[in-house]
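Only one structure is covered here, and it is reproduced in the block below.
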Amino acid sequence: MRSWQAWSLVVIQFVFIALLVALPAGALYPVGPVVTVLSMVLVGGGIALGMIAGARLGGSLTPSPIPRDSGQLETSGVYQLVRHPIYTALLLVGLGLAVRGASVWHVVVCVALFALLEVKARAEEAMLMQKYEGYASYASRVGRFFPGVGTIRD
């Protein structure tokens, strides 16, 4: 993957998040206290997970799917549960914003965010497999975005 491709994916993911914030509210369902609290829990949980996962990566953290040359493979903490907890965090934030938005457009953008992060994760995983000898084994037992879902065969 070329650098411009990697950074294009990063820009697009943030455009999708910005759209979820900026799109006008819809009327797919009533947005009452339960929906508002659910949205807040998803967004807050996503932010917390992203902060925990980012702190765990330390100097290896980069928004680009291209691993840092000096980076280390992290498989402990939240990385024991999922291979891409920061992407999971973005999905939780996106889902929370879509729930609060209550429009078809919010759903469409949230699905597009998921698809984009799936593409980004698969590209990143191909590079991680080349860079780290133990990545294939790790990916065979740890889910991509959710525990147990999206493991890769050795």
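Each value in this text was obtained by applying a stated rule to the coordinates, not by laboratory testing. In this text the structure is predicted, and so the values were computed from the model without any measurement. With ideal geometry, Cβ positions are generated from the backbone for all residues, glycine too; neighbour counts draw on all protein chains shown.
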Place +1 on the Cβ of every Lys and Arg and -1 on the Cβ of every Asp and Glu in the stretch 32-141, take the dipole about the Cα centre, and give the residue among Leu97, Leu113, Gly50 whose Cα lies farthest towards its positive end. Leu97
Where does the stretch 1-65 land on the Kirkwood hydrodynamic radius, alpha-carbon pairs, in angstrom? 14.5
Contour excess over end-to-end distance, with Cα ends at Arg141 and Trp105 and 0.36 nm allotted per residue: 9.4 nm
Alpha-carbon radius of gyration plus Dmax, which is the widest Cα pair, for the stretch 99-154 in Å: 14.6, 45
In the calculated pair distance distribution of the stretch 85-130, what percentage of Cα-Cα distances lie above 12 Å? 63
With charges only on Cβ, +1 for K and R and -1 for D and E, what is the dipole size of the chain about its Cα centre, in debye, rounded to 20? 60
Placing one equal point scatterer on each C-alpha of the stretch 34-121 and summing with Debye, one gets log10 I(q)/I(0) at q = 0.20, 0.23, 0.25 Å⁻¹ equal to -0.94, -1.11, -1.21
Folded to 0 to 90 degrees: helix 104-131 orientation relative to the chain principal axis, Cα: 10
Gained length - Val31 relative to Val15, 0.36 nm times residue gap less alpha-carbon distance: 3.3 nm
Rg/Rh for the chain, where both radii come from Cα atoms and Rh is the Kirkwood radius: 1.00
So which trypsin sites (Lys or Arg not before Pro) in the stretch 39-113 are both in a DSSP loop and have at most 13 other Cβ atoms within 10 Å of their Cβ? Arg68
With an 8 Å Cα cut-off and a minimum separation of 6 or more residues, compute the relative contact order for the stretch 32-141 in percent. 34
